[in-house]
């Protein structure tokens with residue numbers, strides 16, 4: 001029994017730590033002596049005394065001894081090794097015990113007991129395994145020795161096997177000019193008489209002897225970007241082995257620019273393109289993040305075709321990675337059910353200043369949008385000009401629906417389009433570039449129709465008819481002449497009708513004089529037309545609501561000269 005005990009703990013769950021000391025010296029008056037102990041031998045459950053090759057004897061205090069053991073008490077008395085028996089051996093590597101043939105160990109089908117060990121070199125001897133080996137930590141001595149073999153073999157010349165080549169630091173993607181250290185390792189086979197042929201993929205070749213024994217490093221430096229195939233071939237008289245690896249030599253990515261049209265139609269195919277700098281970067285992986293999705297689309301090409309199922313603003317992000325660096329760019333795409341596209345072209349002198357970079361194209365597009373909005377009076381937020389890559393320089397003008405307009409109203413009477421078409425037809429859209437050179441913005445094809453992007457669910461019959469009606473200036477001229485003819489005929493009938501009414505002549509004569517007074521000052525045709533267009537609110541009007549009796553509506557539909565000729569006829 002120990003003289004003193006120290007107990008740590010809590011009296012309750014809410015109490016602090018408590019220390020309790022128990023002193024047994026008053027209960028046990030003396031120290032134990034040798035006569036107070038008796039010996040006992042360790043055995044297993046079957047009563048076997050030899051355990052793990054040894055017999056161990058301990059001592060314990062007698063039940064009748066009323067004393068304290070003290071600090072110098074030692075329980076173990078003796079350790080004695082015993083002779084080896086069958087149970088002190090297990091099956092060796094590559095062998096399995098057979099439960100049907102007296103617990104004997106037999107070689108597995110894949111194992112050759114007579115094969116030389118991995119560390120067997122030419123000129124040495126080895127013993128083939130008997131199928132048994134002593135249990136680990138077993139210290140039995142003498143008796144049965146089941147792992148001793150009587151078969152002696154000379155180590156043969158083994159072919160190289162398990163050849164591996166790697167890089168110190170495990171970096172398979174390096175920058176041009178980086179120092180690389182190659183490491184060659186061989187798992188099996190002779191190394192002293194083996195030659196190693198090394199090809200670094202850039203024209204550098206070398207032959208080494210005892211490469212894996214001396215651990216001689218192979219150092220190299222790649223100057224040019226590219227993918228290099230490194231090959232190491234080990235060969236001796238018994239055979240050969242080969243190892244291959246690929247090294248990516250690439251400069252860190254500097255920038256990626258995402259090119260995507262800022263305006264897209266719902267469920268229409270959109271092309272996403274990533275422009276990477278430096279342009280010679282290879283083996284680049286692209287991660288495309290669309291909307292709020294947390295699962296990107298991975299491609300090896302720098303472009304992706306996609307569709308946007310819902311209207312509104314959609315965030316698109318691309319990440320480019322080449323194993324050494326990662327860069328990203330984000331763009332926002334506005335998705336609409338319907339909008340119109342006007343193809344534009346520029347005078348050829350702009351091509352000389354086109355560096356074909358995204359920043360320059362964005363600047364030109366903003367300049368065209370601001371000028372067109374100022375000339376036509378169309379709200380700038382409803383116009384977007386996108387300059388296309390490449391030469392010759394071309395662009396697309398996107399005319400967006402106004403937020404205040406109902407989604408399903410007819411676009412036939414959208415007066416922004418005639419104003420825009422007239423501005424381009426009159427060659428009023430131009431700007432000045434470096435050196436004072438004037439650049440004219442024109443319709444790509446004046447005789448072609450406008451591009452209408454619309455979904456079936458929101459396209460009306462009037463919208464379908466507007467696509468062809470908005471295309472040719474000749475069609476517009478015929479429409480204006482037809483409208484003037486109808487107004488002239490109606491006014492003539494009204495004039496004849498009012499002459500028959502009492503007092504109507506005075507009213508009409510007074511109105512006729514007022515109109516003639518208005519026409520006495522000279523009026524510029526283009527300025528008057530532009531003023532009339534800018535006076536409009538660019539919202540859908542119902543043409544049927546205008547009557548022939550409303551002369552102010554008629555005046556807004558034709559110019560002053562046509563009105564004067566009509567009144568004097």
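The values are calculated or read from the model by the stated rules, or taken from the named source; none is laboratory data. Computed from a predicted structure; not experimentally measured. Note that each Cβ is placed from the backbone with ideal geometry, even for glycine, and that neighbours are counted across all protein chains shown.
Here are some notes:
- Which listed residue is surrounded by 11 or more Cβ atoms within 10 Å (Cβ to Cβ), touching a strand residue (DSSP E or B) at 6+ places or on another chain (Cβ under 6 Å) and under 30 Å from residue 223 (Cβ atoms), from 162, 166, 131, 143: 166
- Scanning region 37-60 for residues that are in a strand (DSSP E or B) and touching a residue at least 60 places away in the same chain (Cβ under 8 Å) gives a single hit, 54.
- When region 181-222 is limited to residues that are touching a helix residue (DSSP H, G or I) at 6+ places or on another chain (Cβ under 7 Å) and at pLDDT 85 or above, the one that is surrounded by the fewest Cβ atoms within 10 Å (Cβ to Cβ) turns out to be 185.
- Residue check, residue 232 outside the structural domain of residue 290 (by TED's automatic domain parsing) and either in contact (Cβ under 8 Å) with a residue 40 or more places away in the chain or exposed (fewer than 14 other Cβ atoms within 10 Å of the Cβ) (or both): yes
- Selected residue (only one of 153, 185, 111 is part of a strand (DSSP E or B) and either at positive phi or not assigned by TED's automatic domain parsing to the domain that holds residue 230 (or both)): 153
- Here residue 149 meets the list (1) farther than 30 Å from residue 97 by Cα; (2) free of Cβ contacts under 8 Å to residues at least 24 places away in the same chain almost entirely, failing just condition (1).
- Of the criteria (1) surrounded by 14 or more Cβ atoms within 10 Å (Cβ to Cβ); (2) under 41 Å from the mean Cα position of the chain (by Cα); (3) modelled with pLDDT of 90 or more, which one residue 225 fails: (3)
Per-residue answers, yes or no, for (1) surrounded by 18 or more Cβ atoms within 10 Å (Cβ to Cβ); (2) more than 30 Å from residue 225 (Cα to Cα):
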{"residue": "320", "(1), (2)": "yes, no"}
{"residue": "325", "(1), (2)": "no, no"}
{"residue": "333", "(1), (2)": "yes, yes"}
{"residue": "340", "(1), (2)": "yes, yes"}
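- Residue match in region 244-262 (condition: touching a helix residue (DSSP H, G or I) at 6+ places or on another chain (Cβ under 7 Å) and more than 19 Å from residue 166 (Cα to Cα)): yes
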